[in-house]
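S.K.: Pasting a structure here, questions to come.
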Amino acid sequence: MKENKVIVEKLNELLADFQIYYQNLRGFHWNIQGKEFFELHVKFEELYTDAAMKVDEIAERILTIGGTPLHSFEDYLATAQIKPVKNVHDGVTSVKTVVANLEQIVAKEKEMKDLAGEANDGGTEDQMSALIEEQEKTLWMYKAWLK
């Protein structure tokens, strides 16, 4: 089924973005410095723990619909739109990067939701709806922190 192949491809793109987002969060967690250290160190851990769970759910969805999830960093780097960041130590830059990464992910999820709807793939459509709702709230909170 052609639609299924496209959905698997797009889910793998989302998976790759989540993996780079996850690794960015790990770096922020490890390297954060300054007055926001205690607050953001914990928040970044919450975010990367959640991202790891979502990575697993997306990979399982790919398998459920007959695809093969990407599973090497080489593939993630070649596929992801989100770019790795290095040596970020300050809270504002870290949070701005989190917001930018999440905005890219939510945009991809909305695209996936529409694509899944057109292909009558209710499972993927529902999964994307749940992700979008949760991450839009997360975006709102981190944007509020930046003000």
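S.K.: Please list 3J(HN,Hα) in residue order for segment 116-127, calculated via the Karplus relation 6.51 cos²θ - 1.76 cosθ + 1.60 where θ = phi - 60°; whole Hz, with x for glycine and proline.
M.R.: 5, x, 5, 8, 6, 9, x, x, 5, 4, 5, 4
S.K.: Mind checking the log10 I(q)/I(0) for segment 8-131 at q = 0.11, 0.15, 0.19 Å⁻¹? Debye, one equal scatterer per Cα, no solvent, two decimals.
M.R.: Debye curve over Cα of segment 8-131, log10 I(q)/I(0) at q = 0.11, 0.15, 0.19 Å⁻¹: -0.38, -0.67, -0.98.
S.K.: Shifting gears a bit: Given contacts defined as C-alpha pairs under 8 Å and at least six residues apart, what's the relative contact order of segment 2-146, whole-number percent?
M.R.: That works out to 31 percent.
S.K.: Distance between Cα centroids, segment 1-74 to segment 111-135: provide it in whole Å.
M.R.: That distance is 17 Å.
S.K.: Can I ask one more? Once the dipole of segment 75-147 is set up with Lys and Arg at +1 and Asp and Glu at -1 on Cβ about the Cα centre, which of TRP140, LEU115, GLN127 lies farthest towards its positive end?
M.R.: Going by the charge dipole, the pick is TRP140.
S.K.: For segment 2-146, with the dipole built from +1 on Lys and Arg beta-carbon atoms and -1 on Asp and Glu ones, taken about the Cα centre, which of TRP30, LEU102, HIS89 lies farthest toward the positive end?
M.R.: Looking along the dipole axis, the top candidate is HIS89.
S.K.: Now, a different point. Let me spell out the model: positive unit charges on the Cβ of Lys and Arg, negative unit charges on the Cβ of Asp and Glu, origin at the Cα centre of segment 44-147. What dipole size does that give, in debye rounded to 20?
M.R.: Value, rounded to 20: 560 debye.
S.K.: Could I ask something else about it? Using the basic label-point model (7 angstrom from Cα toward the beta carbon), what is the HIS41 to GLU57 distance in nanometres?
M.R.: Label-label distance for HIS41 and GLU57, simple model: 2.9 nm.
S.K.: For labels at GLU133 and ARG26 in the simple 7 Å Cα→Cβ model, what's the distance in nm?
M.R.: 3.1
S.K.: Which loop-located trypsin sites (Lys or Arg not before Pro) does segment 1-75 contain, where loop means any DSSP state but H, G, I, E or B and the Cβ has at most 14 other Cβ atoms within 10 Å?
M.R.: Qualifying residues, ordered by number: LYS35.
S.K.: Take the alpha carbon gyration tensor of segment 75-147, find the square roots of its eigenvalues, order them as a ≥ b ≥ c, and report rounded if a/c is under 1.5; if not, report prolate when a/b exceeds b/c, else oblate.
M.R.: Here segment 75-147 falls in the oblate category.
No value in this document is a laboratory result; all are computed from the given coordinates. Keep in mind that this is a model prediction, so the values were computed, not measured. Positions of Cβ are backbone-derived with ideal geometry, glycine not excepted, and every protein chain shown enters the neighbour counts.
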